[in-house]
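Student: If you scroll down you'll find the structure; I have some questions about it.
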Amino acid sequence: MKPGIATCFRYIIHRLLRQQVLKMQGIVALFKYRILRSQAGIKQGIVTLLLILYTWLPLQAQDYPRQTFDFDLFVQELFAQQEDENVPYEDFYETLFQYFQRPIDLNRTTPEELASLYILSRPQIASFFRHIRENGPLLSIYELQAIPDFDLITIYKLVYFVRVDDAGLNADQRPLLQRIVGEDNNALIIRYERTLQERRGYTSIDTSSRSITRYLGSPDKVLMRYRVRHTRDYSLGFTAEKDAGEQFTWDPDTRRYGFDFYSAHLQLYNKGKFKTIALGDYQLQFGQGLLLSSGYTVGKGSETITTVSRPNVGIRPYSSVLEHAFYRGAAATYTLGRVDIIGFVSRKRVDANLQTQLDTLDNFDDFFTGIQTTGFHRTPTELANRAQAREQIIGGNATYQSRNRTLLAGITAMATSFSSPIQKAGLPYQRFEFGGTSNYNIGTNYAYTWQNVYLFGETAISKSGGLGTVNGLTANLSNKVELAMLYRYYARDFHTFYGNAFGEGTRNINEQGFYTGIKIKPFPKWELTAYYDRFRFPWLRYRVDAPSQGDEYMLRLYFRPNRQSSLYAQFRSESKGRNVAENSTSIDYVGQANRKNYLLYYEFTPTPVVNLRSRVQFSSFELESPQTTGYFISQDINFNFSKIRLSTRYAIFDTDDYETRQYAFERDVLYAFSIPAFSGRGTRLYALLQFRPMRRMDVWVKYALTHYRNQRTIGSGLETIVGPRRSDIRVQTRYRF
């Protein structure tokens, strides 16, 4: 007997012993259904018998009791290494939360959609679709236990993001406008936040001081967002935002119309041969993200297997507030048999510091050194740089997928142009950086599943002739051991503006490395993950005035004795080249910066109402000087009542310098992702209250206070606060129509 069938039998027998009432109507209906679609052979007979027995489960077996799931904890574990300020955590968090709110239908999903959850390994995904081909659509979520290679730890995570609808459910045939008006996933969100203490940028100008620059707007930050969506049908939304310090004004001369930033999108799915049609703002991700990456990626962290490869998600709607990481225009996916053809065009303005061209022989009167991505337009200088350059992108992708979904191959070509040339400052480390007004890229990607091994990769070339390639594999060596290996090479003259493939650097340029990750599940309640990454940078980098190299490794042990508690311990070490500051030699020289991080986390839920979380973390840093250290200790007490949810934290931190700053995940309002950094000495406390005053309205209120010891000021520049305290308040309402 196959292992999957044996597992299913054991599970069914266990459920039958607990079942008191036989649901005869369900048995008859399912028997009729299976008779109509059954095929000859003993194998189909066994499958039919098993699925008939499944109807003896309660009717709610179609859906898992999702209210017991802690989404914040799941994301926190996924981002256990939270020290890269360039990773768009909020964009990833929001997308993943959308899956949590609207679970994926397992009978209508795709391999790339399942991979985007970062829960299942590629061999597990292949095993899932093999089970569907052999046995037909799932009839219950509990049927996952009958699939080979699926373990309970993985299933416990997966069931909160997936569902099983009735087979043969017809799509809504009403006109689009009626479907939008009648959709229950239809909400308006308004968010307000402010720092209560006055910062220097909002004070009156001191004529005796050298600094006469101040913020133009108020210290209020306001966000308004509306979105209505239905899975595999449509997505419609708009976003408006004003950052703290920006003006809320109507000024056509500076292209400001109320809020400082607007975004809108309309995306339609499955319209005849068109799989996707996108208008407005959207994102793209093909292959391993070497040329086009949507930001829906995870770097190196505690999940060492599923996050190594990138899902080929294609076109995605954009609804975040990052003011640079998106495309504005139109895109579409057209299906020709087994091939999806995608075309896209984008034209938008970007922030740039235009400068006058001194060389009159050039055809351009001005140039800029690079695109500014902060999105801030608070001071006269920042406002003057707002939307000063035009960016245009046009390209396409063709992707083939085999009938059994084991092979995927694609090719991508794109052209990027700017209204003014990019011209770097000419520093030694910038010698091979992009310069000019246009760049062209072409690349290919592949993915192939063979038994328990998944091979993937992408290779591309830029206009400069620079080559970039990333190739790897993941393998299930047994039902207890998983392995991942990845090699990447990004030439020093390889240029891509929207690529974000796997790597140590923030951009895919001037890097070569090899990564190995492993996951071991020695016992049902234990999990050990580890990785080792060796990398080198053949050319100079910012603050590294020589070719350099380094390595990084991580070890994490996770233990979950029961549903009420979990514990994990993690250690990470990184060694990387960096200029030695304040050295006595005539030139800079590169030393090895060594950083070590230790983390211990424990969670316990004694009752359905109370949840306790304890966190202790410690770090050290050393670079040709005495070692510095820092620590962070926090205790969370969370309460979850029927209509009210209260989350609280008290923490203390103590660091010798900024190099040993501590990052810690915090609960926040819906769709916000908070990982503040703490340096110095002090305490941190916050309280987050969520309640529902009306049936269709939810309200979040968060208050956070950070108190620093032995400090007279907080921050620097225009963000300076006089005094040892900083208080922040954030209020958000959501109204569902």
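Student: With each label point set 7 Å from Cα along the Cα-Cβ vector, what nm distance links R133 and K463?
Tutor: 4.4
Student: Please work out the Cα center distance from region 96-156 to region 208-258, rounded to the nearest Å.
Tutor: Value for the Cα centre distance between the two parts: 39 Å.
Student: Step through the residues of region 119-136 one at a time and calculate ³J(HN,Hα) from phi using the Karplus curve (6.51 cos²θ - 1.76 cosθ + 1.60, θ = phi - 60°), rounding each to whole Hz and writing x for Gly and Pro.
Tutor: Coupling constants for region 119-136: 10, 8, 6, 4, x, 5, 5, 4, 5, 4, 6, 5, 5, 5, 5, 7, 10, x Hz.
Student: Still on this structure: So, counting K/R as plus one and D/E as minus one, what does the shell of residues with Cβ under 13 Å around N510 add up to? Intermediate results must be reported in sequence, preceding the final value.
Tutor: On the way: positive: R431, R488, R492, R507, R536, R541; negative: E433, D493, E504, E511.
That works out to +2.
Student: Using the 10 angstrom Cβ neighbour count as an exposure proxy, how do E112, E719 rank, fewest first?
Tutor: Numbers: E112 19, E719 14.
Taking fewest neighbouring Cβ atoms as first place, the list is E719, E112.
Student: With a 10 Å Cβ neighbour count serving as the proxy for reagent exposure, in which order, fewest first, do V162, V470, V699, V610 appear? Walk me through the intermediate numbers first.
Tutor: Working: V162 23, V470 29, V699 16, V610 12.
Starting with the residue having the fewest Cβ neighbours, the order is V610, V699, V162, V470.
Student: Gap in Å between the Cα centre of region 579-622 and the Cα centre of region 463-513?
Tutor: 25
Student: Can you find, among I212, T195, G237, the residue farthest towards the positive end of the dipole of region 188-237? Put +1 on the C-beta of Lys and Arg, -1 on that of Asp and Glu.
Tutor: Towards the positive end, the residue furthest out is G237.
Student: If you find the alpha carbon centre of region 520-571 and of region 431-446, how far apart are they in angstrom?
Tutor: Region 520-571 and region 431-446 have Cα centres separated by 31 Å.
Student: Between their Cα atoms, which of K519/K596; K242/K424; K157/K273; K242/K300 are more than 26 Å away from each other?
Tutor: Numbers: K519/K596 21 Å; K242/K424 30 Å; K157/K273 34 Å; K242/K300 32 Å.
As for pairs spanning more than 26 Å Cα to Cα, those are K242/K424; K157/K273; K242/K300.
Student: Could you line up I104, I132 from fewest to most neighbouring Cβ atoms inside 10 Å? Could the numbers behind the result be given before it?
Tutor: On the way: I104 19, I132 15.
Lowest to highest Cβ neighbour count: I132, I104.
Student: While we're looking at this one, here's another question. Please report, in debye to the nearest 20, how large the charge dipole of region 183-340 is about its Cα centre when each Lys and Arg carries +1 at its beta carbon and each Asp and Glu carries -1 there.
Tutor: Around 460 debye, computed over region 183-340.
Student: Further question on the same structure: Label F604 and E719 with points 7 Å out from Cα along Cα→Cβ: what is the distance between them in nm?
Tutor: In this crude spin-label approximation the distance works out to 3.7 nm.
FYI, it's all coordinate maths here, none of it is from the lab. No experiment lies behind these values; they were computed from the predicted model shown. A quick note on method: Cβ atoms are made from the backbone with ideal geometry, for glycine too, and the neighbour counts reach across all protein chains shown.
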